[in-house]
1. Mind listing whichever residues of segment 182-233 are of a type in the set (S, T, N, Q) and open to solvent by less than 20 Å² (accessible area, probe 1.4 Å)?
2. Could you identify the single residue in 280, 287, 253 that is at pLDDT 90 or above and either surrounded by 21 or more Cβ atoms within 10 Å (Cβ to Cβ) or touching a helix residue (DSSP H, G or I) at 6+ places or on another chain (Cβ under 6 Å) (or both)?
3. Can you tell me which residue in segment 136-148 is nearest to residue 343 (Cα to Cα), limited to those that are open to solvent by 20 Å² or more (accessible area, probe 1.4 Å) and assigned to a loop (DSSP other than H, G, I, E, B)?
4. Tell me, which residue of segment 64-81 that is open to solvent by less than 30 Å² (accessible area, probe 1.4 Å) and closer than 22 Å to residue 48 by Cβ is nearest to the chain's Cα centre (by Cα)?
5. On the given criteria, is residue 251 in contact with a Phe, Trp or Tyr (Cβ under 8 Å, 6 or more places away or on another chain), under 25 Å from residue 20 (Cα atoms) and not aliphatic (A, V, I, L, M)?
6. Just to be sure before I move on: is residue 163 open to solvent by 20 Å² or more (accessible area, probe 1.4 Å) and modelled with pLDDT under 95 in the structure I sent?
7. Within segment 35-47, restricting attention to residues that are at pLDDT 90 or above and assigned to a loop (DSSP other than H, G, I, E, B), which residue is nearest to the ligand (Cβ to nearest atom)?
8. Within the set of pairs 6+ apart or on separate chains, which have a first residue in segment 29-51 that is small (Gly, Ala, Ser), a second that is in a loop (DSSP other than H, G, I, E, B) and near the ligand (Cβ under 10 Å from one of its atoms), and C-beta atoms under 8 Å apart?
Amino acid sequence: MIYMNIPILQAADACGIMYERNTGRAEVRAKCPFCNDSQPRLYLNTDKNVFHCQRCKKSGNSITLYAERNGISNAAAYRELAEAAVFDCPPLPLYNRIEPETAIKPLEERSRIYGDFLRMLELAPKHRLNLQNRGLSDKAIEANLYRSVPKKYGKLYSKVMYELSCKYDLSGVPGFYRKNGQWHMVTPEGFFIPVRDAQGRIQGLQVRLDDSRKQKYKWFSSNGYPDGTKCAAFLHVVNWKTGAKPFITEGALKADTACSLMEQDACFIALPGVGSTKGLEQLMRGLDISEAAEAFDMDKETNPAVELSVQKFYRLMEEIGVNVQPLRWNPMYKGIDDMLLAGKESEGLAA
Ligand SMILES: [Zn+2]
C-alpha cells in the first residue's frame with residue numbers, strides 16, 4: 001500500500017489546533033494541545049510534516065498527531081485523514097488559519113486607559129536614576145508619566161490587572177491579553193515611555209529595556225497572544241503649539257529629554273527610528289507645519305545606512321513643502337539630548 005503524505009497543517013486543522021499566520025517559513029508555530037501552552041511553542045514542519053513541542057517535548061507526524069488527539073489507532077487516523085484529503089476537502093491553502101487579530105481601540109479610549117494604568121504603577125529608583133542621568137528634571141519625569149513595568153504576577157501586577165480589567169474592557173489595547181478568562185499584560189523588564197500625539201494623548205507605550213544589549217526599546221504589544229493587540233510604531237509629539245517650528249529627532253525618550261533640557265519653549269517630533277517616516281506627512285500636514293529643524297543623531301555623518309534614511313527624510317520634506325534647517329553639533333555627542341546635557345553640565349562647571 002502506498003501511503004499518502006498527509007500535510008501537517010491539514011492534520012492540525014482536523015485537530016482544531018490554532019496556528020500562526022506565517023511568513024512563508026517551513027516551520028509554523030502553534031499552541032500545543034498536549035500541554036495546553038498559552039504561547040505558540042509547538043512547531044509544525046510543513047516540509048517534513050512533523051511536529052515538535054518545545055515545552056512538553058511531544059513530537060510525531062501528521063498521523064500520530066491526529067491519532068493521539070482523537071484517541072484512535074494510527075491506522076484509523078491515517079484512514080480518516082486520507083479520506084478527508086481525497087474526498088472531503090478541497091486542497092487546503094498552506095497557512096490558511098489566521099489568528100484573529102483584535103482591532104486596536106480608538107485613540108481617545110486607549111489614552112484614557114493607558115493614563116489610568118500608568119498612574120497605578122510605580123517608578124523604581126533605578127529607573128528614576130536612569131531618567132535623571134539623561135538630564136530629565138523631576139518635574140518632567142512626573143509630567144511624562146514614566147513608570148516601571150511591574151513584575152509578572154507580583155502584588156502590584158495582580159492589583160493593577162484586577163482594577164484595570166474591572167474598570168475597562170481591555171480588548172484592543174496593545175500590551176494586554178486574556179488567559180483563562182482573565183486579563184494579563186506582557187512584562188518586558190524596563191520602564192514605560194508614553195508615546196503621545198500633538199494633543200498629548202497617549203497613543204501607545206514603549207518600554208526602555210533594562211537589558212539593552214540586543215535591543216533598547218520595545219513597543220508594549222500583545223500581538224500573537226490570545227485576544228492580544230498589535231502596537232503600531234507611533235510618532236511622538238512633545239509640547240506642540242500652533243505655529244511652532246518643531247525639532248525632528250528619533251526616539252520618544254530622546255525627544256522628551258531634549259525638550260526638558262532646552263531653555264526655550266521647544267516642540268519636538270520623534271520618529272520611532274530615523275528611517276520610519278510612516279505617518280509623518282499626514283502629521284505635518286495636519287499640524288500645518290511649514291518649517292522644521294532636523295536633529296537626528298550625529299551618526300548620520302558616518303553611517304551610510306543612516307545617511308540614506310536621512311536623505312529620504314529630506315526628500316519627503318521637500319515633497320510636502322516643509323523648509324528644513326539641518327542641525328549639526330560636535331559628533332562627540334551622538335544625540336541632541338547628549339549635546340544639550342553636555343552644554344548644561346559645562347554651564348554648571350562654569351558657574
Ligand atoms: Zn506541548
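The values are calculated or read from the model by the stated rules, or taken from the named source; none is laboratory data. Note that the structure is a prediction, hence the values are computed from the model and not measured. Note that each Cβ is placed from the backbone with ideal geometry, even for glycine, and that neighbours are counted across all protein chains shown. Side chains included, ligands, DNA and RNA excluded: accessible areas come from the protein's heavy atoms. Shrake-Rupley method; radii C 1.70, N 1.55, O 1.52, S 1.80 Å.
1. Step one: of segment 182-233, the residues of a type in the set (S, T, N, Q) are 182, 187, 199, 203, 206, 212, 215, 221-223, 229.
Hits for segment 182-233 are 206, 222, 229.
2. Numbers: 280 fails: either surrounded by 21 or more Cβ atoms within 10 Å (Cβ to Cβ) or touching a helix residue (DSSP H, G or I) at 6+ places or on another chain (Cβ under 6 Å) (or both); 287 fails: either surrounded by 21 or more Cβ atoms within 10 Å (Cβ to Cβ) or touching a helix residue (DSSP H, G or I) at 6+ places or on another chain (Cβ under 6 Å) (or both).
Answer to the selection: 253.
3. 137
4. If we filter segment 64-81 for residues that are open to solvent by less than 30 Å² (accessible area, probe 1.4 Å), which is where we start, we get 65-67, 76-78, 81.
Remaining after also requiring closer than 22 Å to residue 48 by Cβ: 65-67, 77-78, 81.
On the way: 65: 34, 66: 35, 67: 39, 77: 41, 78: 42, 81: 39 Å.
Filtering first and then ranking leaves 65.
5. Numbers: in contact with a Phe, Trp or Tyr (Cβ under 8 Å, 6 or more places away or on another chain): yes; under 25 Å from residue 20 (Cα atoms): no; not aliphatic (A, V, I, L, M): yes.
So residue 251 does not fit the description; no.
6. Working: open to solvent by 20 Å² or more (accessible area, probe 1.4 Å): yes; modelled with pLDDT under 95: no.
It is false that residue 163 is open to solvent by 20 Å² or more (accessible area, probe 1.4 Å) and modelled with pLDDT under 95.
7. To start, the set of residues in segment 35-47 that are at pLDDT 90 or above comprises 35, 41-45.
Okay, now just the ones that are also assigned to a loop (DSSP other than H, G, I, E, B), so 35, 41.
Details: 35: 3, 41: 7 Å.
Applying the filter and picking the extreme gives 35.
8. Hits for this filter: 38/31.
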